[in-house]
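Some notes on the structure that comes next.
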Amino acid sequence: MKDELDHHEATVDLPDELEVIVMVHDQDLLLNCESEGRFAAIPRLRYVFLGSGPVDKLAGREELIVARHLPDNIEEHNLHLLSFTGWYAVARNGLATTRYLALLEYDVKIAAGFFERTLEALRAHGGIVGYVPFPLSHPMYLHATPWLISALAEAHGIDLSRMIRDHLAAGGADEWTATTNAAMAVGDLRAIVDWLVPVTRIYRHDPIGAHVHERTLKVFCLLHGIENRLLPGLLTHVQARSHQIFALSRAEAEQRARATEPLL
């Protein structure tokens, strides 16, 4: 699979540059981002509008992609899949205009040098770049959404707890990139979306399943030998939670961990 990813990525005829694509589901939130200058330092930027909300205040904007208007979209599931429907829209409709993409949620704050350091890391190392490290060994990874373990097992036959145990026992880094703010090559995005679609079909009816997406990026990297590089300090996820969908709290995740057989 890694060889296939390398070949796919190498044949993408796009400039060796980075574009930032911001996922947003409310036109007033988008306008607030602009009035605050939240992404003013980004030289290449577009927005993907998710869900069924009005877009009348955004009419005529070339930098706006309305996901529900695309030929291939899954916006009927946006309420429970959140930013994944935007990843899907970009990947399945061939919307990339550069070799590398940073896919961000609207409710983030980026530090000076975000664009330059992300591009530098992708050019030098490839892989999946994340920004918010958190321990794999903490209960918030395996226990914050009950769908993570069962959906991966059902869709791809993955024993996730065994995979993480083996990874840590072999001296692998005890970290994953919390949140779905990540950057990667276009070929890797397409492969991730293709791999995740059957997983999301299992839990897309349940709001708490939305938090599987961010946790599976680490799994994808481990399966395919892709580096998961973290650049802490460049991005803060404010977690506005305007969609009112939450993972279990840290206390609830820790309680679930105590109530089950040890997974790690």
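The values are calculated or read from the model by the stated rules, or taken from the named source; none is laboratory data. None of these values were measured; they are calculated from a predicted model. As a convention, Cβ positions derive from the backbone with ideal geometry for all residues, glycine included, and neighbour counts pool all protein chains shown. Note: accessible area is taken over every heavy atom of the protein model, side chains too, but ligands, DNA and RNA are not part of it. Shrake-Rupley method; radii C 1.70, N 1.55, O 1.52, S 1.80 Å.
Helix 160-169 versus the longest principal axis of the chain: what angle, 0 to 90°, nearest 10, using Cα atoms?
Once rounded, one gets 80 degrees.
Relative to the present Cα-Cα distance, how much length would full extension add between D194 and R61 at 0.36 nm per residue of separation?
45.0 nm
For the range 100-231, give the percent of accessible area contributed by carbon and sulfur heavy atoms, probe 1.4 Å, rounded to a whole number.
Carbon and sulfur: 51 percent of the exposed surface of the range 100-231.
Would you mind counting up the charge near A153? Only other residues with Cβ under 13 Å from its Cβ, with Lys and Arg at +1 and Asp and Glu at -1.
Cβ neighbours under 13 Å give a net charge of -1.
Ordering V48, V132 from largest to smallest accessible area (1.4 angstrom probe), what's the sequence?
V132, V48
For a quick check: with amide H placed at 1.01 Å from N, whose amide H comes under 5 Å from V22's, ignoring anything fewer than 5 positions away on the same chain?
Distant-sequence amide H within range of V22: R46, Y47, V48, L104.
Of the candidates A210, A121, A182, which one comes out as most mobile in a Gaussian network treatment of the chain with C-alpha springs shorter than 10 Å?
Sorting by GNM fluctuation, first place goes to A121.
Name the most mobile residue of G209, G127, G233, meaning the one with the largest mean-square fluctuation, in a Gaussian network model of the chain with Cα contacts below 10 Å.
In this elastic network of the chain, the residue with the biggest mean-square fluctuation among G209, G127, G233 is G233.
Take every DSSP beta bridge with both residues inside the chain and express the antiparallel ones as a percent of the total, to the nearest 5.
For the chain, the DSSP antiparallel bridge percentage is about 40.
What residue among N32, N228, N78 has the largest mean-square fluctuation in a Gaussian network model of the chain, using Cα springs under 10 Å?
Between N32, N228, N78, it is N32 that shows the largest mean-square fluctuation.
Could you tell me how many degrees, from 0 to 90 and to the nearest 10, lie between the Cα long axis of helix 114-125 and the main elongation axis, the longest principal axis, of the Cα atoms of the chain?
Once rounded, one gets 60 degrees.
Skipping prolines and chain starts, which residues have an amide H placed within reach, meaning under 5 Å, of the one on L235, given they are 5 or more residues away or on another chain?
The list, which skips near neighbours in sequence, is A111.
What 222 nm value per residue comes from the helices of the chain, counting each DSSP H run with n ≥ 4 as -39,500 (n - 2.57) and dividing by all residues, nearest 500 deg cm²/dmol?
Helix contribution divided over all residues of the chain: -12000 deg cm²/dmol.
Hey, can you find the accessible area per residue of the range 74-199 for me, probe 1.4 Å, expressed in square angstrom?
Computed with neighbouring chains in place, this is 33 Å² per residue.
At a threshold of 8 angstrom on Cα-Cα distance, excluding pairs fewer than six apart, so keeping six or more, what relative contact order does the chain reach in percent?
RCO, the chain: 25 percent.
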